[in-house]
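Colleague: There's a structure below that I have some questions on.
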Amino acid sequence: MNKKIIIALSVLIAALFVSAIAGTIFYYNNKVSNLNSQISNLKAQLKNLTTANLTTALGIAEVIPNNSGNNGNPTKFNNLYITGSVANTGQSTAYNAGLHVVAHDANGKVEINMTVPMDHDATFGTDAATNAYVSSVYQTSLLQLGNLYSEQNVSIAIAIYHEGTVSNWTVTPVWTNSP
C-alpha cells in the first residue's frame with residue numbers, strides 16, 4: 001500500500017509541477033504579447049510624430065471659357081481650376097510635395113492625370129496642344145515639386161488646361177518623408 005501512495009503522490013507532485021510550469025509559461029507569453037502590442041503602438045505614435053501630414057482645404061471647378069467673340073478671349077480649352085490651401089500638420093517636412101490630379105470626362109475617359117506643385121498662380125497643360133496654348137498666353141509653370149515644412153500653410157491657385165470637359169476628379173496631396 002505504501003508503494004501505491006508513493007506513486008500516487010509522485011504523480012500528483014509531477015502533475016502540480018507541470019501545471020505550475022505551464023501556468024508560468026502561459027502568464028509570461030501573455031505578458032510578452034502585451035508588451036509587443038505596446039511597442040507596436042509606441043512605434044506608430046513615434047512615426048506620427050516624425051512624419052509629415054498634409055491636409056487640404058480646396059475648391060475645384062471646371063472652367064469653360066466664354067468664346068462668344070465679344071470678349072476677345074482666344075481660349076479654346078477648358079481648365080480645371082484648383083484654389084484653396086494645403087497645410088502640413090505633421091511634425092516633419094513634406095518633401096517632393098504636390099497635388100496628384102486625376103479627372104475624367106462624363107464617359108469615364110481620363111483627361112487629366114498628373115502631379116502638380118503646390119503653387120499660387122500656376123498654369124499647366126496636359127498635352128502638346130494645351131502646353132503650347134499655356135506657354136503662348138501665360139507664363140509657363142514648372143512641374144518641379146517643392147517642400148512643405150512642419151506647420152507651414154500654402155495658398156493654392158492652379159489652372160490645368162486640358163482637351164474635352166471633365167465632370168469628376170480627385171485631387172490628393174502627395175509627398176515623401178525624406179528628400
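The values are calculated or read from the model by the stated rules, or taken from the named source; none is laboratory data. Just so we're clear, the structure is a prediction, and the values are computed from it rather than from any experiment. Neighbour counts run over all protein chains shown; Cβ positions are idealised from the backbone, glycine included.
Colleague: Please pick out the residue among Leu99, Leu80, Leu143 that is assigned to a loop (DSSP other than H, G, I, E, B), out of contact with any Phe, Trp or Tyr (no Cβ under 6 Å at 6 or more places or on another chain) and of a type in the set (A, V, I, L, M, F, W, C). First the steps, then the outcome.
Modeller: Working: Leu99 fails: assigned to a loop (DSSP other than H, G, I, E, B); Leu80 fails: assigned to a loop (DSSP other than H, G, I, E, B).
Just one listed residue meets the conditions, Leu143.
Colleague: State all residues of the stretch 85-133 that are over 21 Å from Ser155 (Cα atoms) and among the β-branched types (Val, Ile, Thr); if no residue qualifies, say none.
Modeller: Step one: of the stretch 85-133, the residues over 21 Å from Ser155 (Cα atoms) are 103-113, 126-133.
The answer is Val110, Ile112, Thr126, Thr130.
Colleague: Okay, moving on. Can you confirm whether the stretch 165-177 contains a residue that is among the aliphatic types (A, V, I, L, M) and over 22 Å from Thr51 (Cβ atoms)?
Modeller: So in the stretch 165-177, the residues among the aliphatic types (A, V, I, L, M) come out as 166, 171, 174.
From what is left, the residues that are over 22 Å from Thr51 (Cβ atoms) are 166.
The answer is yes, given that some residue of the stretch 165-177 is among the aliphatic types (A, V, I, L, M) and over 22 Å from Thr51 (Cβ atoms).
Colleague: Here's something else I'd like to know. Tally time: how many residues in the stretch 18-67 are in contact (Cβ under 8 Å) with a residue 12 or more places away in the chain and outside any helix (DSSP H, G or I)?
Modeller: Residues of the stretch 18-67 that are in contact (Cβ under 8 Å) with a residue 12 or more places away in the chain, as a first pass: 48-65.
Then keep just the ones that are outside any helix (DSSP H, G or I); that gives 50-65.
Matching residues across the stretch 18-67 total 16.
Colleague: Could I ask something else about it? Return the residue satisfying two criteria in turn: it lies in the stretch 103-131 and is of a type in the set (S, T, N, Q) and either touching a residue at least 24 places away in the same chain (Cβ under 8 Å) or not assigned by TED's automatic domain parsing to the domain that holds Ile156 (or both), and of such residues it is surrounded by the most Cβ atoms within 10 Å (Cβ to Cβ). Walk me through it before giving the result.
Modeller: Pass one, the stretch 103-131, residues of a type in the set (S, T, N, Q): 107, 113, 115, 123, 126, 130-131.
Cutting the leftovers down to either touching a residue at least 24 places away in the same chain (Cβ under 8 Å) or not assigned by TED's automatic domain parsing to the domain that holds Ile156 (or both) gives us 115, 123, 126, 130.
Working: Thr115: 15, Thr123: 21, Thr126: 23, Thr130: 21.
The extreme case among them is Thr126.
Colleague: What number of residues within the stretch 88-102 are surrounded by fewer than 17 Cβ atoms within 10 Å (Cβ to Cβ), of a type in the set (S, T, N, Q) and touching a strand residue (DSSP E or B) at 6+ places or on another chain (Cβ under 8 Å)?
Modeller: Count: 1.
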